[in-house]
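What follows is calculated from the coordinates using simple rules that are stated; it is not laboratory data. Small disclaimer: the values here were computed from a predicted structure and weren't measured. In this analysis, Cβ positions are derived from the backbone assuming ideal geometry, glycine residues included, and neighbour counts consider all displayed protein chains.
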Ligand SMILES: C[S@@+](CC[C@H](N)C(=O)[O-])C[C@H]1O[C@@H](n2cnc3c(N)ncnc32)[C@H](O)[C@@H]1O
């Protein structure tokens, strides 16, 4: 997948693109992330890319012309264009899955009070928010989107199934996890996890996933109950017990 990021702050992306899972995806050729500095397309002698809003009001607005130049330079006319924006639909599992099927996309990061609306209308930008709060710029939201999409690309996580085993994707929240040592400051790992009995371990994990989901995300739990599940007798018993527990 090739992602072009149009931003006033390209330097913010380097550490993220070079570290951890995204770094490996880029090094392995699964993901290509190119940043374009919108300021390079300013025709102003001071490389100005923003101006006062028509109609008055505080703050500055990113001008259409440098954004058009940046869009044209990455061939955005043939690509999916996304504008990170608190006005957009909130990024969720469905949108991430949809975007992970694309081979190319362009992400526009806003700053100040946002961008001239004509740049969004002309380039048919889909506005996507990462939550009901306002950040200073679209760079961090773009990184959130890129990371979440990259995790679903084949070959990015070691085991292709593991993305779908995780919280939300599996339909449930994930059970608690533990690692060495078995005892830490008097706190012990649940015995079943060190028993070596994989059937019991799977049942314990299912029980805790169901419990956590019911407590913290009753919306997901209800959805899970509506779906078909090929449960064994023991698994069904666990589910029935959890359904009996009062809120
Ligand atoms: C200070 S915000 C502008 C907010 C804008 N004046 C408004 O009220 O909708 C600057 C930029 O940060 C980005 N941004 C801020 N919060 C965001 C969020 N929750 N999701 C995605 N992008 C966000 C957008 O690109 C936005 O143009």
Rounded to the nearest Å, what's the spacing between the alpha carbon centres of the range 173-222 and the range 7-73? Just the number, please.
-> 43
Among 178, 112, 169, residue whose mean-square fluctuation peaks in a GNM of the chain (springs only between Cα atoms under 10 Å) = 178
Expressed as a whole-number percentage, the relative contact order of the chain with C-alpha contacts under 8 angstrom and at least six residues apart is 17
Using only the Cα atoms, work out Rg/Rh for the range 1-126, with Rh taken as the Kirkwood radius, to two decimals.
-> 0.98
Multiply the residue gap between residue 184 and residue 217 by 0.36 nm, knock off their C-alpha separation, and tell me the result in nm, one decimal place.
-> 8.9 nm
Gain in length, residue 20 to residue 227, computed as 0.36 nm per residue apart minus the alpha-carbon separation, to one decimal in nm?
-> 71.0 nm
Ranked on Cβ counts within 10 Å of their own Cβ, fewest leading, 36, 136, 213 go 136, 36, 213
Rounded to the nearest 500 deg cm²/dmol, what is the calculated helix-only ellipticity per residue at 222 nm for the chain, with -39500 (n - 2.57) per DSSP H run of length n ≥ 4?
-> -10500 deg cm²/dmol
Across 191, 72, 98, the residue with the highest GNM fluctuation in the chain (Cα network, 10 Å cutoff) is 191
Would you please put 114-125, 141-152 in order of how densely packed they are, using the mean number of other Cβ atoms within 10 angstrom per residue and starting with the highest?
-> 141-152, 114-125
Relative to the longest principal axis of the C-alpha atoms of the chain, give the angle of the C-alpha long axis of helix 198-216, reported between 0 and 90° and rounded to the nearest 10°.
-> 60
Listed residues 222, 127, 166; largest mean-square fluctuation, Gaussian network over the chain with Cα springs below 10 Å, found at 222
Taking every pair of Cα atoms in the range 148-225, average 1/r, invert it to obtain the Kirkwood radius, and report Rg/Rh to two decimals.
-> 1.03
Rounded to the nearest 10 degrees, what's the angle between the helix 64-73 long axis and the longest principal axis of the chain, both from Cα atoms, 0 to 90?
-> 70
Helix 139-150 axis, angle to the chain major axis (alpha carbon atoms, nearest 10°) = 50
What's the exposure ranking of 39, 87, going from fewest to most Cβ atoms within 10 Å?
-> 87, 39
Would you list the P(r) distribution for the chain, with all Cα-Cα distances sorted into 5 Å bins from 0 and each bin expressed as a whole %?
-> 1, 5, 11, 13, 14, 12, 10, 9, 8, 6, 4, 4, 2, 0, 0
